[in-house]
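Just so it is clear, none of the values below were taken in a lab; they were calculated from the coordinates. Note that the structure is a prediction, hence the values are computed from the model and not measured. We place every Cβ from the backbone using ideal geometry, glycine too, and count neighbours over all the protein chains shown.
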Amino acid sequence: MEERIGYKVVTNDMKSLGLRKNPNILTFLKNEQLVLPEEEVEEGKGDWGGIWVAATVGGANTLVKYMSDKYGVECRIFIAELGKVLYENSYRIKTNSVKLIKEI
């Protein structure tokens, strides 16, 4: 199986951004795999049922700027190892698990 990477943007306190009014805020730890329970995983492009990451560092930088400009929230970017890819397009990837490897 090919190892996939993405770029996870988190708040300074290592929480997910809560975009699109997502009430399910996850807390990430560096070098620890966060795996969603199987019953919380759903393939496809729907917002629910996965962990979203930016496909490119440029996309991650755009999210950082958006969070700063719109909400005044400072964010961090990590290179992340991804689990099973549930959906992807040119700018974002939905996966069932993420491991934050290195901050950039």
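Observations, loosely collected:
To keep it simple, each residue is scored yes or no on (1) free of Cβ contacts under 8 Å to residues at least 12 places away in the same chain; (2) polar (S, T, N, Q); (3) surrounded by 19 or more Cβ atoms within 10 Å (Cβ to Cβ); (4) more than 18 Å from Leu100 (Cβ to Cβ).
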position: Val9; (1), (2), (3), (4): no, no, yes, no
position: Lys15; (1), (2), (3), (4): no, no, no, no
position: Thr27; (1), (2), (3), (4): no, yes, no, no
position: Gly50; (1), (2), (3), (4): no, no, yes, no
position: Leu63; (1), (2), (3), (4): no, no, yes, no
position: Arg76; (1), (2), (3), (4): no, no, no, no
position: Ala80; (1), (2), (3), (4): no, no, yes, no
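- Looking across segment 15-45, the residues that are farther than 15 Å from Leu63 by Cβ, assigned to a loop (DSSP other than H, G, I, E, B), among the aliphatic types (A, V, I, L, M) and within 13 Å of the chain's Cα centre (by Cα) come down to Ile25, Leu26, Leu29, Leu36.
- Segment 77-87, residues that are in contact with a Leu (Cβ under 9 Å, 6 or more places away or on another chain) and outside any loop (DSSP other than H, G, I, E, B): Ile77, Phe78, Ile79, Ala80, Glu81
- The selection criterion, being outside any helix (DSSP H, G or I), touching an Asp or Glu at 6+ places or on another chain (Cβ under 8 Å) and surrounded by 14 or more Cβ atoms within 10 Å (Cβ to Cβ), does not hold for Ile93.
- Residue within segment 32-45 that is surrounded by fewer than 14 Cβ atoms within 10 Å (Cβ to Cβ), in contact (Cβ under 8 Å) with a residue 60 or more places away in the chain and out of contact with any helix residue (DSSP H, G or I) (no Cβ under 9 Å at 6 or more places or on another chain) present: yes
- The set of residues from segment 29-48 being closer than 15 Å to Lys99 by Cα and charged (D, E, K, R) comprises Lys30, Glu32.
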